[in-house]
Structure formats: C-alpha cells, structure tokens
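Asker: Let me begin by handing over the structure; questions about it come next.
The values are calculated or read from the model by the stated rules, or taken from the named source; none is laboratory data. Keep in mind that this is a model prediction, so the values were computed, not measured. FYI the Cβ positions are ideal-geometry reconstructions off the backbone, even for glycines, and counts take in every protein chain you see. SASA here: full protein model, heavy atoms, side chains in, ligands and nucleic acids out. Shrake-Rupley method; radii C 1.70, N 1.55, O 1.52, S 1.80 Å.
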Amino acid sequence: MCGIAGFFQKSSGNVAVGHVVLNMLKALACRGPDSAGVALYGAPQAGRVVVRVKLGDHGKFHDVSAQVQNAVQPFGAEGFTETGAYLRFTVADGGEIGACIQAIEAIAPEIEVVSVGRSLEVVKQVGSPANLESAFSISGFNGTHGLGHTRLSTESKVDLSHSQPFWAHGSLDLAIVHNGHITNYHQLRRRYEQRGVRFYTENDSEVVAIYLGEQLNKGAGLREAFAGMMRDLDGSFSCLAATASEMGFIKDPFGLKPLLFAETETFVAVATEEISIRAAIPGSYSVSEAQVKDMRVWRRQG
Amino acid sequence: MSELDATGLSTLDLNSRLRDLALAGTEAIHVRNPGARHNLAVAMLHPGHVRFDGSVGYYCGGLSDGISIEIDGSAGWGLAESMLNGNFRVHGNAGNGAGAAIRGGTVVIEGNAAARLGVSMKGGTIIVAGDCGYMAGFMGQKGTLIVCGNTGEAFADSLYATMCYVGGEIKALGTDAVASAVTGEEAAELETLLTAYLPPEIRATKPPAAQFRKVVAGRKLWNFDKRNWKTWQEAL
C-alpha cells in the first residue's frame with residue numbers, strides 16, 4: 001500500500017495548498033508510515049527557477065551545504081536557505097541549469113537535486129506526514145496545486161531518495177506520485193541506462209517520472225504522455241502527475257489500486273481514499289472512483 | 001430513532017454501539033459525520049435501519065445479515081461484501097468490488113459503480129442506476145445483476161448462473177458471456193425490480209425494461225473440453 005493525494009485549484013491565484021495536501025496526507029498516513037513527501041506549486045519566480053538539493057542522508061549538513069553553495073556561485077545562485085537535509089536556492093532560468101545540476105551532483109553520490117522548477121518545490125523525508133509538518137512547516141505554503149505521497153515500501157529501501165514525489169530529472173516542474181508496481185521496470189530501466197539516463201534509486205516509481213519527463217521533453221502534453229504510459233508501462237498504477245499549469249491522473253487497465261476524485265467548479269481533489277478528500281476539504285461535493293484506463297488532465301488557463 | 005455522532009468514536013466503539021442498538025430492536029439509527037471512514041457497520045447480524053449522513057470508506061456493512069443500510073454519499077471498496085441478507089442503498093457512487101460475493105439481499109447504487117461490481121455473487125440482487133466498471137459480474141454463481149447504464153470491459157466474464165441485465169451499452173463482453181434480448185416474462189420481472197428499488201425520478205431516466213439486454217453464461221467454461229482450448233487460453 002501507499003497513499004497518494006493531489007489538489008488542484010482551477011482559478012488562478014494562491015490558496016493554502018500546503019495545508020490542504022498535508023491534511024489529505026495525514027488522513028492517508030495509515031497506508032504507509034515509511035516516508036512522506038509533497039510536491040507543491042507556488043507562484044512562478046520571475047526569470048528564476050527554484051532548486052532544492054538533498055545534502056545527504058545522515059550527519060551534519062553544514063559543511064556539505066557550503067560546498068554546494070560554492071559550486072553553484074558561478075551560476076548566479078542566490079537566496080540560500082537550509083532546512084533539515086535540504087538546501088534551497090534560485091538560479092537564473094535558462095541554458096545553464098543542466099550544468100548547475102551537474103556541478104552539484106559531482107560533489108558526492110549522496111548529494112542529489114530533488115527538484116528544479118519555476119513553481120515546483122519537492123519536500124520529502126523518512127517518517128509520517130505529521131513529521132513532515134514539524135520539520136518543514138509545509139502547511140504555510142500558498143500556491144495553486146500540489147501532490148502528496150505516503151509510502152509503505154515493498155521492494156526498495158527506505159531513505160530520503162527513495163521517497164516520493166519524484167521530480168522528473170531534466171524536466172522543469174514535472175513531478176509524480178505513484179501507488180502500485182511497474183512490472184516491466186527492470187526492462188525499461190535497462191533500456192534507459194543503455195541510453196545514458198541516470199537512475200537515482202531502485203524504486204520502480206522513478207521510471208514513471210523518467211518516462212513522463214522524456215515524453216514531455218519530446219513536446220508531448222501530459223495527456224499524450226499518459227496515453228504512451230498506458231501502452232509502455234505494465235503493472236498496477238494509480239498515478240498523479242503535475243506540471244506548473246497542469247495536474248492529472250492515470251489508472252492502470254486492471255484497477256488494482258484505488259483512486260478517487262472529486263471535481264467542482266473551483267477545485268479538483270484526487271486521493272487513494274475518500275477519507276483523505278473529506279478530511280481536507282469541507283463542503284458538499286460528489287466523489288467517484290476512477291475507472292480502469294481512466295486518465296484525466298486539468299489545465300489552468302492564463 | 002437513535003442518533004450517533006461518529007466524531008471521536010473509534011470504529012470498534014461505533015460498530016459495537018450500532019450492534020447493541022440493533023440488538024435492542026432500534027429500528028432507525030442515524031449516524032452523523034461518518035467521514036468516509038472504513039469498516040463501518042460490518043457484521044451487523046440483527047435487523048434495523050442504519051443511515052449514514054455522508055460517505056463511507058471500505059467494506060461498509062460487510063459480512064452482515066439482515067441489516068438495512070442507507071448511505072447519503074458514496075461508498076468505498078467492498079460495499080456489503082459477503083453479506084448474507086439485507087438491504088443497501090447508496091445515494092452516490094460505489095468503489096471497486098461493491099456487492100462482491102454476496103449470498104443474498106439487495107444492493108442498490110443510485111450513482112455509478114467502479115470495477116469488479118458483484119464479482120462471485122452467490123445470490124441476491126444488485127441494481128446500479130448508473131454505469132459500472134471493468135469486470136463486473138466476474139464468476140457470478142447465482143443472483144441477479146442489473147446495470148441500467150453502460151458497462152466497462154470484460155462484463156460477466158467466466159459466469160456461472162448469475163443473470164445479468166444491462167440497459168446501456170456493453171463495452172465488451174467477458175469470456176463465455178452471451179448477450180441476448182430479454183423475453184416478455186423477463187422484462188416484466190425486471191420492471192418489477194426496477195420499480196420496487198429505484199426512486200421514480202431515477203427510474204424515469206432509464207430505458208424501459210424491454211430494451212435491456214440479458215447476459216448469461218455460454219456454459220463453454222463449465223466443463224473442460226480440449227476442443228475449446230482457444231477459449232480456455234483466453235479465459236486464463
């Protein structure tokens with residue numbers, strides 16, 4: 001089991017998306033206490049992208065943080081903040097982001113860029129959703145939409161890197177959360193690795209991010225990317241993905257994992273269990289189970 | 001009528017109270033704030049009417065015998081699963097596996113049902129006013145499964161002797177499922193059920209009973225026959 005959640009505000013303008021996603025996740029905590037994380041989308045920075053770096057798994061991060069800050073100075077990085085195992089800063093939006101990431105990840109294998117985006121911020125950690133709030137105060141985050149994940153690990157180890165959401169490395173603002181098993185993971189991974197794609201974890205869900213990222217980088221929209229995923233990925237998946245302006249879900253052909261959604265004129269909420277939506281969002285609205293092979297994408301205009 | 005507020009009560013406490021009330025002969029029990037919680041009103045073995053003032057989570061009313069449950073919202077996975085007898089009514093939608101393996105009683109879903117509706121039913125009646133998802137009716141052994149709207153793929157796959165009726169479009173029949181027109185007698189029986197169980201305003205929006213299609217087992221999978229090897233390969 002795992003629990004996934006997503007909230008999307010249809011109108012532009014910020015809402016307390018951190019608060020909503022956190023409450024959705026708390027109601028799903030019993031589905032997996034191994035790790036919890038969120039991908040939150042705020043107002044885009046003018047001409048800059050937000051970079052979030054995992055400094056390590058254990059020990060003191062201050063020295064590592066200094067090393068990373070040194071490495072990114074040539075790229076015009078600024079606004080450094082350090083919380084827990086994370087360093088956050090912004091760099092100019094443009095061609096040098098790839099080189100900046102390379103410079104960071106060349107420092108040590110455990111140093112990993114967990115998200116880069118104009119709007120996206122990924123925060124994840126080992127432990128329950130309640131711990132996520134005490135460590136990172138995510139309920140104070142205002143934005144437009146967000147994804148959440150609470151994990152019961154079944155096949156790969158429990159640490160920060162193996163936690164979800166996964167940012168699709170190399171694709172700005174694209175993040176995914178996945179509940180299920182990708183059964184042709186090893187085959188897909190082999191093919192990607194032969195083409196030089198780096199895998200950061202042994203978590204099968206990572207391949208969903210890599211796959212969708214590849215499709216989006218080829219120019220596909222999220223809906224087209226989902227259609228490809230239905231064809232090319234096997235196994236069970238209830239999966240949510242988001243970009244700076246879209247959020248969508250896809251459900252496998254067998255309906256092996258739950259996924260429910262509620263849509264009103266103002267918002268869309270998607271979660272593994274209805275309890276999650278009801279706990280976070282008051283009011284009167286109807287909730288439906290997604291059918292097999294169902295895929296839906298919501299896009300904010302303007 | 002007796003009222004219970006689910007807020008702050010553990011599921012164990014809430015269910016014990018529901019059982020005690022039903023055992024004491026309380027005819028109507030109104031549960032406020034169910035909050036889509038799981039395992040509500042499971043194993044209710046005495047008659048009575050429980051109304052939930054909102055959505056319920058997984059396995060609501062599972063393993064029950066004789067209770068009447070009304071849900072003023074939607075239901076999660078495994079609604080009424082394995083019930084022996086009773087009456088369920090969901091005003092909203094139902095999740096996967098609604099009415100799975102029931103042996104008797106009636107499950108009415110006024111909205112839509114998801115995947116694996118009424119799989120392995122061994123009796124009873126399931127009526128869905130809206131659509132149903134993938135693999136509804138799989139390996140049904142007895143009873144009646146009625147879907148007024150459209151079905152998903154693999155409808156009535158590997159059926160034994162459940163009678164299925166569909167008012168809308170059948171997206172794809174499962175292995176060994178055979179669809180045909182309803183006879184006059186069947187249409188009359190179906191109309192009796194629909195009139196009895198669906199509110200008139202919902203019944204009015206659904207097709208007349210004579211337009212429903214009947215789906216039963218082709219009986220090709222009941223006994224192994226190697227001449228049917230291709231069918232078996234598909235079924236497995």
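For (1) free of Cβ contacts under 8 Å to residues at least 24 places away in the same chain; (2) within 14 Å of chain B (Cβ to nearest Cβ), each residue gets a yes or a no:
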position	(1), (2)
A:274	yes, yes
A:279	no, yes
A:297	no, no
A:300	no, no
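Asker: Same structure, new question: If you go through segment B:14-32 one residue at a time, do you hit one that is in a loop (DSSP other than H, G, I, E, B) and closer than 26 Å to residue A:27 by Cα?
Answerer: Scanning segment B:14-32 turns up no residue that is in a loop (DSSP other than H, G, I, E, B) and closer than 26 Å to residue A:27 by Cα.
Asker: Inside segment A:89-134, can you point out the residues that are touching a Gly at 6+ places or on another chain (Cβ under 8 Å) and open to solvent by 50 Å² or more (accessible area, probe 1.4 Å)?
Answerer: A:92, A:93, A:110
Asker: Now a separate question. Go through segment A:247-268 and give me each residue that's among the aliphatic types (A, V, I, L, M) and in contact with a Leu (Cβ under 9 Å, 6 or more places away or on another chain).
Answerer: The answer is A:247, A:250, A:259.
Asker: Might you check whether a residue that is open to solvent by less than 10 Å² (accessible area, probe 1.4 Å), away from chain A (no Cβ under 14 Å) and touching a residue at least 60 places away in the same chain (Cβ under 8 Å) occurs anywhere in segment B:48-63?
Answerer: So far as segment B:48-63 goes, no, none of its residues is open to solvent by less than 10 Å² (accessible area, probe 1.4 Å), away from chain A (no Cβ under 14 Å) and touching a residue at least 60 places away in the same chain (Cβ under 8 Å).
Asker: Okay, next question. If we scan segment B:137-147, do we find a residue that is touching a strand residue (DSSP E or B) at 6+ places or on another chain (Cβ under 8 Å), in a strand (DSSP E or B) and of a type in the set (Ser, Thr, Tyr)?
Answerer: yes
Asker: Within segment A:217-253, track down each residue that is more than 14 Å from chain B (Cβ to nearest Cβ), open to solvent by less than 20 Å² (accessible area, probe 1.4 Å), in a loop (DSSP other than H, G, I, E, B) and over 24 Å from residue A:119 (Cβ atoms).
Answerer: A:233
Residue-by-condition table, conditions (1) within 15 Å of residue B:127 (Cβ to Cβ); (2) loosely packed, with under 12 Cβ neighbours inside 10 Å:
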{"position": "B:156", "(1), (2)": "no, no"}
{"position": "B:161", "(1), (2)": "no, no"}
{"position": "B:189", "(1), (2)": "yes, no"}
{"position": "B:207", "(1), (2)": "yes, no"}
{"position": "B:210", "(1), (2)": "no, no"}
{"position": "B:227", "(1), (2)": "no, yes"}
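Asker: Any idea which residue in segment A:186-209 is least open to solvent (accessible area, probe 1.4 Å), counting only those that are in contact with a helix residue (DSSP H, G or I) (Cβ under 6 Å, 6 or more places away or on another chain) and closer than 24 Å to residue A:272 by Cα?
Answerer: A:207
Asker: Would you pick out the residues in segment B:139-167 that are on the phi < 0 side of the Ramachandran plot, within 14 Å of another protein chain (Cβ to nearest Cβ), over 13 Å from the mean Cα position of the chain (by Cα) and not acidic (Asp, Glu)?
Answerer: B:149, B:150, B:151, B:152, B:155
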